[in-house]
1. How many residues are more than 16 Å from Ala406 (Cα to Cα), assigned to a loop (DSSP other than H, G, I, E, B) and within 16 Å of the ligand (Cβ to nearest atom) if we restrict to the range 107-152?
2. Identify all residues within the range 330-339 that are loosely packed, with under 13 Cβ neighbours inside 10 Å and either assigned to a loop (DSSP other than H, G, I, E, B) or outside the structural domain of Gly370 (by TED's automatic domain parsing) (or both); write none if there are none.
3. Is it the case, given these coordinates, that Ala162 is modelled with pLDDT of 95 or more, more than 16 Å from the ligand (Cβ to nearest atom) and under 14 Å from the mean Cα position of the chain (by Cα)?
4. Hey, among Gly34, Gly28, which residue is at pLDDT 95 or above, more than 27 Å from Val364 (Cβ to Cβ) and surrounded by 12 or more Cβ atoms within 10 Å (Cβ to Cβ)?
5. Going through the range 52-97 one residue at a time, which ones are within 30 Å of Asn371 (Cα to Cα), more than 16 Å from the ligand (Cβ to nearest atom) and part of a loop (DSSP other than H, G, I, E, B)?
6. Can you report the number of residues in the range 243-257 which are surrounded by 24 or more Cβ atoms within 10 Å (Cβ to Cβ) and within 16 Å of the ligand (Cβ to nearest atom)?
7. When you scan the range 158-170, do you find a residue that is more than 25 Å from Val382 (Cα to Cα) and surrounded by fewer than 16 Cβ atoms within 10 Å (Cβ to Cβ), even just one?
8. Mind listing whichever residues of the range 284-293 are away from the ligand (no atom under 12 Å from the Cβ) and in contact with an Asp or Glu (Cβ under 7 Å, 6 or more places away or on another chain)?
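The values are calculated or read from the model by the stated rules, or taken from the named source; none is laboratory data. The structure displayed is predicted, hence computed values, not measured ones. Because the Cβ atoms are built from the backbone with ideal geometry, glycine has one as well, and the counts that use them run over all protein chains shown.
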Amino acid sequence: MPSFAARCLVVAFLATKLAAQEPYALVGATVHPGDGSPAIADAVLVVRDGTISAVGPRASTKVEAGVRTVDFAGRHITPGLIDTHVHYSQTGWADGRPDAANVRADFPYEQAMADNQAHPDRFHRAFLHAGVTAVFDVGGYPWTLGLQTATALDPLAPHVVATGPLLATFDPKLSLPDARQFDFPADEAQARTMVQAHKKAGSAAIKFWFVTHGDDDVAKWSPVLRAIGDEAKKSGLPLVVHATTLASAKEAVAAGARLLVHSVEDAAVDEAFVAACKQTGTFYCPTLTVYAGYAQLHASKLGDEVKAQLDAVHPSVKERALRTAQLPRHNPRVLEAMQKHLSLQGDVMAQNVRTLHAAGVPIVLGTDAGNPLTLHGPSVFVEMEAMAAAGLSPGQVLRASTHDAARALGRADLGRLAAGSVADFVVLPTDPSVDVKAFRALTHVGRAGILHERAGLLPR
Ligand SMILES: [Zn+2]
């Protein structure tokens, strides 16, 4: 990793470059602010030094003389999308998760992780190409922490907010001889020491991987989780929890979780859980579509949706995804049972999104990108459409994917098209408040004010 001084130099260089940007105004589009306020027809959006300096109706928003204008009449502009659940330490295929399908012999895990560390730009570009201008990396190797500074002002990368290594209850045997992405607290004292160490290392939040087997397990881990939550609070760090059962999610919220990165999958959420989320101010990231990727891996068959994404990701990701057909196929009866389980579980997850949303708990976009066949970047379209299918209106999905997601990241300067916000935005040919599929056809991406044509962002 480059030294701190070297990284500061890079940031200073980029800051100078961005400040030297010629101001410009996007004129004529319908602007969707992202925060739930009404769309602005025939709008003007002025960008100066990487920031939005003005936005409003053309009739009342002045464009100063000499400011270049770009005509986007008929288009729609929204804030850049924000994926609050990604992993740069995973690859999008089995080589990054050999615990799901053991491909270690042909695709050594060590090599996959070395590639990820050496080429985060592959995922940076895939995210931007999909209109994703900020992500929350909620668990990975220590080097992911360095992405936060490295991407802050990089117009060819999304903002990365990262937790770094996870505190965990369960060991999936995904570590390297010289680096680990999991810490296993044995007791409360150790949990506190680990939280302090993560803060010192530069974690933006503390992630707890709360994998449990039954309610006894939840009770057993409760003191450790409470200690983690308490120590995180004292350290000024938000708590992010992976919890997929109602019992473990309740415990997570009781410990102060700011963000739940999965749905409650085993039962309908009850009033007590809803009330606790509201009281704690918890954001709920339902991560509805990640299991579909595992199902394809086990069936050794790529679905049409993933196939359609393969030209929008780095060639190395495409090549690996296409190897799915060569994996050993699970027994058809096992596959059938798995599908049935996923379908029933999907119904529970969708119902829980509706219940929590109706109660006013903020729902946020997150894909779990990096897991097998949940590809960094284009998987956001699938997840947003699943959120709409679960019952959120297109406008609500937009807000969950921009303004509210930015709050889950702790970034008030992102996720909104308003004066003073970072100029991260996407340009669409059709109205996203009518159909979220509009995002699939985006034509331009603005990142820190730099206006990219989408084709120029293809990973390479
Ligand atoms: Zn995850």
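1. 3
2. Selection gives Asn331 alone.
3. When the stated conditions are applied, Ala162 does not pass them.
4. Gly28
5. Gly80
6. Within the range 243-257, residues that are surrounded by 24 or more Cβ atoms within 10 Å (Cβ to Cβ) and within 16 Å of the ligand (Cβ to nearest atom) number 5.
7. Checking the range 158-170: at least one residue is more than 25 Å from Val382 (Cα to Cα) and surrounded by fewer than 16 Cβ atoms within 10 Å (Cβ to Cβ).
8. Result: Leu288, Thr289.
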